[in-house]
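K.L.:
Could you have a look at this structure, given as structure tokens, before my questions?
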Amino acid sequence: MPVSVNAASEIYQEAIRDSVRRSAFLYLVQAGLMIVAGILAIIFPIFSAQTITLAIGWLLILSGLMQGLSLIATWRASYASLQLMSAVLGVLIGVLILMNPAQSIIGFSLLIVVFFMMEGLGKLIWALTIRPLPGWPWVALSGALGMVLSVFLIANLETAASWVLAMLVGLQLIVIGAAIGYLAWSIRMAAKA
């Protein structure tokens, strides 16, 4: 007897949720590092524009690497390719920034816009895939925030100061880290209960 599309979809989503449950510790580590990176991005505007640019470059590389590591256990999931593109994009943008930290603020802003849009879209699709796991709405909201921030930056591209970019990158990293951390913590606590 053939399996209905709805039943196959539910089996597939349950397999993804199980994969996320098995990787909860990696997600907790990623969340912690993203929150620390976000706090550092917000603190760094105290320093010069070049220091901000260098710090953001390193933070994007670190965030991309951690996101890539967290995908190891879930690389076959439907959302993994979009998440992997986001991780690679984060590392690539970070490397580009470090190679030429004196680049124009508009060029830097465009890279951040692309990163926010891809990261936001990736998190939104991932959240919808893993629902009804506890915390999935927060992951969806963090993705939506990334997409809103990218639209905000596009609208204010020519007037965005480097400290605004640092604050937005920091805010996005903290929100995503908190959402992923809540999701992973909830999963671990549910497994212990």
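K.L.:
Mind checking the full-extension length gain between Ile154 and Ala7? Use 0.36 nm per residue of separation minus the Cα-Cα distance, one decimal, nm.
P.N.:
48.8 nm is the gain from fully extending Ile154 to Ala7.
K.L.:
What share of all Cα pairs of segment 11-192, in percent, falls into each consecutive 10 Å distance bin?
P.N.:
11, 41, 32, 13, 3, 0
Since every read-out is calculated from the coordinates, none of them should be taken as a lab result. Being a predicted model, the structure only gives us computed values, none of them experimental.
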